[in-house]
1. Out of the range 106-122, which residues are under 15 Å from R381 (Cβ atoms), modelled with pLDDT under 95 and assigned to a helix (DSSP H, G or I)?
2. Hey, any hits in the range 281-304 for a residue that's closer than 17 Å to A258 by Cα and in a helix (DSSP H, G or I)?
3. Is one or more of the residues making up the range 293-304 hydrophobic (A, V, I, L, M, F, W, C), free of Cβ contacts under 8 Å to residues at least 24 places away in the same chain, open to solvent by less than 20 Å² (accessible area, probe 1.4 Å) and more than 27 Å from G196 (Cβ to Cβ)?
4. Take the conditions more than 18 Å from S197 (Cα to Cα), open to solvent by 20 Å² or more (accessible area, probe 1.4 Å), aromatic (F, W, Y) and more than 24 Å from the chain's Cα centre (by Cα) and apply them to Y286. Does it pass?
5. Restricting to the range 261-286, count the residues that are of a type in the set (D, E, K, R) and in contact with a strand residue (DSSP E or B) (Cβ under 6 Å, 6 or more places away or on another chain).
6. Would you point out which residue out of E397, E370, E401 is in contact (Cβ under 8 Å) with a residue 60 or more places away in the chain and under 30 Å from V181 (Cα atoms)?
7. With A405, A378, A385 as the choices, which residue is modelled with pLDDT of 90 or more and in contact with an Asp or Glu (Cβ under 6 Å, 6 or more places away or on another chain)?
8. Go through the range 303-342 and report how many residues are of a type in the set (S, T, Y) and in contact with a helix residue (DSSP H, G or I) (Cβ under 9 Å, 6 or more places away or on another chain).
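The values are calculated or read from the model by the stated rules, or taken from the named source; none is laboratory data. The structure presented is a predicted model; accordingly, all values stated were derived computationally and were not measured. Virtual Cβ from ideal backbone geometry, glycine too; neighbours counted across all protein chains shown. Just the protein is used for accessible areas: all its heavy atoms, side chains included, with ligands, DNA and RNA removed. Shrake-Rupley method; radii C 1.70, N 1.55, O 1.52, S 1.80 Å.
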Amino acid sequence: MNYKLALSLGSLFALVWPYIHQPNPNLINNDTITKCDDQPPPTSSPTSRRHLRASPTTFEDNNNEASFAPTCITSNNTNNDNNNIIIMTVSLDTLKKQNADTSNALIEHWAESPPFAKLAAYEGNLTTSRDQEDAEKLQKGIDFAKSKGVIDPDYVPEPYVKLDVLGQTPDAVASKIIQQVKSASAEGDDEAASKGSVIVLCGLSGTGKGTTVSKLREKLEGEEGKQVVTWSNGNIFRSVTYLAATWCEQNGCDGFDAEKALTKENLASYISMLSFGKFGEGEGEYDTRIHGLGLDMYVSKVQNTELKSPKVSKNIPTVAQVTQGEVILFAADAVKTLGDAGRVVLLEGREQTVNYVRTPHRFTLMLSDESLIGKRRAAQRLMAAALPALDDGATEEAVGEALEASLTKLVAEIDEQS
């Protein structure tokens with residue numbers, strides 16, 4: 001009787017076993033699982049070798065947007081004496097992109113990595129602290145300008161539209177902004193609609209302002225047929241600093257003497273030496289002219305030479321603290337001139353300064369998950385650190401080892417500082 005029961009159970013087990021133990025078609029040599037666009041993510045063990053698809057829609061603060069093409073990365077899990085270390089292998093071509101494709105892949109892979117989380121938290125805190133410090137310095141400059149009567153203390157800017165860029169590509173964000181601008185322009189009169197416009201973009205570091213400006217310019221010029229100008233107050237601050245440093249040289253100062261060079265009268269004189277308009281033959285091109293103290297130059301010609309010389313770079317923070325108001329007003333007039341001439345002006349900066357540029361098109365980029373700011377910055381540092389260590393023919397394993405080595409080194413540097 002027991003013998004027959006055993007045979008019956010054995011037959012039953014033989015029938016159901018193929019349904020219980022179905023081999024995973026993605027397994028190769030029992031240690032590889034592939035996850036790409038055309039298949040569901042299989043379950044993997046902690047020691048599997050996995051292909052993880054990088055998210056194609058994560059917004060990245062970089063000059064290139066994430067690709068929608070399938071992207072796979074591979075990771076090997078190897079054991080050492082203490083714990084499991086995941087060594088990623090990503091193609092050299094992907095690493096060379098140094099863009100959103102690469103950083104998204106790294107963030108996806110290291111999603112549960114304590115060392116990466118540590119580096120990301122450090123970078124996020126550093127970025128936040130720097131933003132706060134910059135904001136406080138700017139506010140002091142704004143308050144100083146108000147106390148001098150340079151800018152109106154009761155000025156109220158037009159409201160900002162907040163855009164959450166989490167999960168958005170730069171292309172999608174730029175399209176939303178353009179649609180908002182079109183809608184606002186349609187509500188105005190025909191004369192206003194025929195003029196250019198000023199688009200102001202603000203947001204914390206890491207939210208994608210620079211990338212969005214690049215994408216906006218590409219779309220507005222290529223798809224809308226607009227003449228687009230990007231404006232930065234930085235070159236105006238540098239121009240004033242250059243004039244102040246030149247004044248010190250001409251007046252026998254021992255180096256840069258802020259107390260003597262940055263008096264109220266001198267600052268007013270430096271600003272009067274700057275003019276914005278069309279210069280050159282024929283119709284000319286819009287530019288900022290520096291004309292005074294024996295100088296006659298155009299910012300477009302010297303922005304990467306004289307305006308980045310040591311006498312400017314090391315003194316610009318000091319000058320910027322006391323010239324916020326003057327530079328803001330100069331920029332506001334220049335931007336208005338461009339807009340009235342039919343240009344679309346893209347103005348990126350901090351609210352404290354761009355507030356004083358009159359425009360209804362104001363946008364603040366934000367991330368509902370601010371931890372991504374640190375993760376992106378960490379990924380950017382890792383990809384930049386790993387690439388120089390690799391030859392052109394580097395294998396995926398070599399790329400993975402270089403990335404892991406970079407992560408280990410950067411985390412060790414954090415530990416040394418604490």
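1. First, pick out the residues of the range 106-122 that are under 15 Å from R381 (Cβ atoms): 106-107, 110, 113, 115-122.
If we keep only those that are modelled with pLDDT under 95 as well, we get 106-107, 110, 113.
Residues satisfying the conditions are L106, I107.
2. no
3. Step one: list which residues in the range 293-304 are hydrophobic (A, V, I, L, M, F, W, C), which gives 293, 295, 297, 299, 302.
From what is left, the residues that are free of Cβ contacts under 8 Å to residues at least 24 places away in the same chain are 297, 302.
Subset that is open to solvent by less than 20 Å² (accessible area, probe 1.4 Å): 302.
Of the ones still in play, those that are also more than 27 Å from G196 (Cβ to Cβ) are none.
Scanning the range 293-304 turns up no residue that is hydrophobic (A, V, I, L, M, F, W, C), free of Cβ contacts under 8 Å to residues at least 24 places away in the same chain, open to solvent by less than 20 Å² (accessible area, probe 1.4 Å) and more than 27 Å from G196 (Cβ to Cβ).
4. Working: more than 18 Å from S197 (Cα to Cα): no; open to solvent by 20 Å² or more (accessible area, probe 1.4 Å): yes; aromatic (F, W, Y): yes; more than 24 Å from the chain's Cα centre (by Cα): yes.
No, not satisfied.
5. Taking the range 261-286 and keeping what is of a type in the set (D, E, K, R), we get 264-265, 278, 281, 283, 285.
Restricting the remaining residues to those that are in contact with a strand residue (DSSP E or B) (Cβ under 6 Å, 6 or more places away or on another chain) gives 278.
Residues in the range 261-286 being of a type in the set (D, E, K, R) and in contact with a strand residue (DSSP E or B) (Cβ under 6 Å, 6 or more places away or on another chain): 1 in total.
6. On the way: E397 fails: under 30 Å from V181 (Cα atoms); E401 fails: under 30 Å from V181 (Cα atoms).
Unique residue meeting the criteria: E370.
7. Details: A405 fails: in contact with an Asp or Glu (Cβ under 6 Å, 6 or more places away or on another chain); A385 fails: in contact with an Asp or Glu (Cβ under 6 Å, 6 or more places away or on another chain).
Answer to the selection: A378.
8. Pass one, the range 303-342, residues of a type in the set (S, T, Y): 305, 309, 313, 318, 323, 337.
Then keep just the ones that are in contact with a helix residue (DSSP H, G or I) (Cβ under 9 Å, 6 or more places away or on another chain); that gives 309, 313, 318, 323.
Matching residues across the range 303-342 total 4.
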